[in-house]
Structures are given as C-alpha cells and as structure tokens.
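Chemist: Sending over a structure as structure tokens; questions will come in a sec.
Derivation of every value follows stated rules applied to the coordinates shown; laboratory data play no part. Keep in mind it's a predicted model, so treat the numbers as computed, not measured.
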Amino acid sequence: MTTPDQFNDVWQTGRYRLGSTALRLLPFLRAQIPIGSTVNDYGSGTGRAEKGLLEFCSRVNMVDFAPVALESDARLLIGKGLTYVVSPLETLPKDFPVADWGICINVLMTVEPNRLHDILAEMRRTCRNLIVEVYDWPDVRLGIDLTLIKGDAAFWAEQLRKHWPSVESLNSPEHSRRYITIGREN
C-alpha cells in the first residue's frame, strides 16, 4: 500500500526528483493534444511539464496527493493558467474542472489495484480524453516497491476501455516496457 506520507518521503529522500517523464514527453503530448485545449494533470508531481503544456494549452489543472512534490517554478504559475489541488485521485473534488484532455504519467501503476477502477472513473468524469503512460518493472524506493500494478500494453488498454469508447496503445519513445494508452471520447 502506498500512502501520501510514503510518497512525501519518496519525494524528499527517495531520489524521485531526478527525472520528469512528463517533461521528456512534451513533444509527444504536443502532437496529441490540440492547441488551446484544457488539460488535467493527474498525479502532477513536480509540475515541471506545466510550463511547456501552457505554451500550447489554454489551462492546466494539476492534482497530486503528495503536496511536497510540487516545485517552486510550477508554484509561480498558479493563477497564470495553472491550478493546483491536493487530493487523492479516486476522490477528486466535486468541482474539479472538466478538461478536454487528461494526462497521467507514471502514476497508475503505483496505485493499489482495488483503487484503479475508481481512479479511472474520476478521470473519466473530469476529462474527455486521457493519455496514460506507465511501466511494468519494480521501482523500489526507500524499501518500497512503488509498482503495485505490473500490467502490459494489453492490460492497460483493457482498463481504459472500461471508461472510454475509443482506446489506442502506442509505443513509448523512451522504452519498450513503458506503455502509452490513449482513451478518447470519440
């Protein structure tokens, strides 16, 4: 089980800040998300990708359950096209914005399997289309394997099909065991 306190520890001392997949995926995201779209970033972490998203998106709404993850550069953008809320993904605030697109990068494989359906249902409630990237290898930090769901591309496509009518699996530009799945409203 992973909790906000465990993730706060991982963010502070578990070397989790060393990279940002969402930042590295910005060219891919830019090719998928139409200019002027609104975006919800589920499990937004550091917020490093948000400045790049705001270059072509009209608004980005960030949500994460580990408040220590957000870095100062992203905090400066709050109120300038960026919103930020601390919340579990399976119980988003009732007034959380509905966006054209959602992104969820390297998050869903870290949730407890029994919470996955509720999380995807909340994402579907609050975004029309969703881009997910996950990986399937153990990610041990501070003695905790953060990868609680080790599914392949077919598994993730099946999960998104429960919530979106059109689902596509794409190869990640980074690694063959990173899976990108896109759920579209139409």
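Chemist: Pull up the cross-link candidates among the aspartates and glutamates for Lys80, meaning alpha carbon to alpha carbon under 20 Å and not fewer than 8 places away within one chain.
Modeler: Asp41, Glu50, Glu55, Asp64, Glu71, Asp95, Asp100
Chemist: Output wanted: per-residue J couplings in Hz (rounded whole) for region 44-52, from phi through Karplus 6.51 cos²θ - 1.76 cosθ + 1.60, θ = phi - 60°, x for Gly and Pro.
Modeler: These are the phi-based 3J(HN,Hα) values: 5, x, 5, x, 4, 7, 4, 4, x Hz.
Chemist: Taking the DSSP beta bridges in the chain as the whole, what percent of them are antiparallel, to the nearest 5?
Modeler: The antiparallel fraction comes to roughly 40 percent.
Chemist: Can you match Rg and Dmax of the Cα atoms in Å to one of these, (i) 50.0, 175; (ii) 17.5, 53; (iii) 15.0, 42, based on a calculation from the structure here?
Modeler: Computing Rg and Dmax of the Cα atoms in Å and matching it to (i) 50.0, 175; (ii) 17.5, 53; (iii) 15.0, 42 gives (iii).
Chemist: Quote the relative contact order of the chain in percent (integer), defining contacts as alpha-carbon pairs under 8 Å separated by 6+ residues.
Modeler: 18 percent
Chemist: Show me, for region 79-90, the HN-Hα J-couplings you get by feeding each phi into the Karplus relation (A = 6.51, B = -1.76, C = 1.60, θ = phi - 60°), rounded to Hz, glycine and proline as x.
Modeler: Running phi through 6.51 cos²θ - 1.76 cosθ + 1.60 with θ = phi - 60° gives x, 10, x, 10, 10, 8, 9, 9, 6, x, 5, 7 Hz.
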